[in-house]
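Any read-out appearing in this document is the output of simple, stated calculations on the displayed coordinates, not a laboratory observation. In this text, all values refer to a predicted model and were calculated from it rather than measured experimentally. Here the Cβ positions follow ideal geometry from the backbone for every residue, glycine too, while neighbour counts run over all protein chains shown.
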Amino acid sequence: MHESDTTPVTVIGLGRMGAALAAAFLARGHATTVWNRSAGKADALVRDGAIVAPTPAAAIAASPVVVVCVADYDAVRDLLEPEAGLLAGRVLVNLTSGTPDQAREAAAWTDRRGIDYLDGAIMAVPPGIGRPETLIFYGGSQAVFEAYEPTLRALGGAATHLGADPGVALLHDLALLGMLWTSTAGYLHALALVGTAGVTPAQFLPFAAAWFEHVLAPDLAATAAEVAGGDYATDVSSLAVNARAMDHLIHAGRAAGVGAGVLEPIQALLDRHVADGHGDESLAGLIERFKPPAAVVG
Ligand code: NAP
């Protein structure tokens, strides 16, 4: 069905991401109006059929669906607050990165002005935009999402509505980014560590890849079940054992001159949790240290 959807769309913000969004709409045959603060960024899109609006107001007036993707929420507010009257009755899809609370504030603002609002988080880099597997999270009205889902699928085929909370998309975005940064930092630490023995990244790669595939990835489901059930009993690998292994890791790294800055906070969490009497629990038990203070156990 979405192949035939050609709802006119407006894209505000033609940075690396906004330009990719506009290009994906054009590729699907949507009449696409664009606006960017600095001139020149629309040139390639115009060659592909985009219409450049002279002002944000003209861009908004051109389409029932307005996608905004600029640097941050301050820029969104500065751009759109003066245009609230024009936005009323249209659908505003905000794909700008920020915090869940910024998304909720933006949604409250749109609610007061009769603007239908979806807040999205793009889980891809610009070359991924428009692909069937590309994941874009959305939060906000389910009815609005369903009404415009075919249009939104032009940007990423795996468009996923997570719930009515407008902050939920960015919450997922940040949760996954946290995993990205911690695992990437762990990988870089590992490369530096094996590098001290002359092991090249290419030599280590198959072991790192197998570790992810056969150890870390399968463990996600087990950890999810333990955290959901709040049951951290284990007869496999306890926190106390892992705290000792962490000690070895940090000492070995330091002895070889490799910085342990990535690992030290994890070591501190482990040590505190073990000292508080949770040494027999599984690694998943450490979730208690991440929960908001009122919920911390022990
Ligand atoms: P970018 O290439 O740096 O472009 C930033 C865009 O924001 C430009 O169009 C810029 O306009 C505009 N802008 C900044 N301040 C503005 C203001 N005060 N008023 C009007 N326009 C303003 O960034 P990007 O990569 O396109 O990222 C845009 C958003 O997508 C960000 O929130 C980013 O986190 C998110 N995102 C990006 C990626 C990625 O891989 N690139 C992935 C996921 C999410 P000018 O051209 O006039 O400077």
A careful count of residues in the range 40-80 that are free of Cβ contacts under 8 Å to residues at least 24 places away in the same chain, surrounded by fewer than 15 Cβ atoms within 10 Å (Cβ to Cβ) and either hydroxyl-bearing (Ser, Thr, Tyr) or within 14 Å of the ligand (Cβ to nearest atom) (or both) gives 5
| message | Whether any residue in the range 164-173 is within 24 Å of ARG77 (Cβ to Cβ) and surrounded by fewer than 18 Cβ atoms within 10 Å (Cβ to Cβ) is what I want to check. | response | yes
Reported set for the range 5-22 where residues are in contact (Cβ under 8 Å) with a residue 40 or more places away in the chain and more than 12 Å from the ligand (Cβ to nearest atom) is ASP5, THR7, PRO8, VAL9, THR10
How many residues of the range 81-100 are more than 24 Å from GLY156 (Cβ to Cβ) and in contact (Cβ under 8 Å) with a residue 60 or more places away in the chain? The answer is 0
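Please determine, by comparing only the residues of the range 219-258 that are assigned to a loop (DSSP other than H, G, I, E, B) and without any contact (Cβ under 8 Å) to a residue 60 or more places away in the chain, which one is farthest from GLY279 (Cα to Cα).
Let us first name the residues in the range 219-258 that are assigned to a loop (DSSP other than H, G, I, E, B), namely 230-232, 234-238, 256-258.
Filter once more, keeping what is without any contact (Cβ under 8 Å) to a residue 60 or more places away in the chain: 230-232, 234-238.
Details: GLY230: 16, ASP231: 14, TYR232: 11, THR234: 11, ASP235: 12, VAL236: 13, SER237: 10, SER238: 6 Å.
Restricting to residues being assigned to a loop (DSSP other than H, G, I, E, B) and without any contact (Cβ under 8 Å) to a residue 60 or more places away in the chain, the top hit is GLY230.
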Looking across the range 81-98 at residues that are β-branched (Val, Ile, Thr) and away from the ligand (no atom under 12 Å from the Cβ), the single one that is surrounded by the most Cβ atoms within 10 Å (Cβ to Cβ) is VAL93
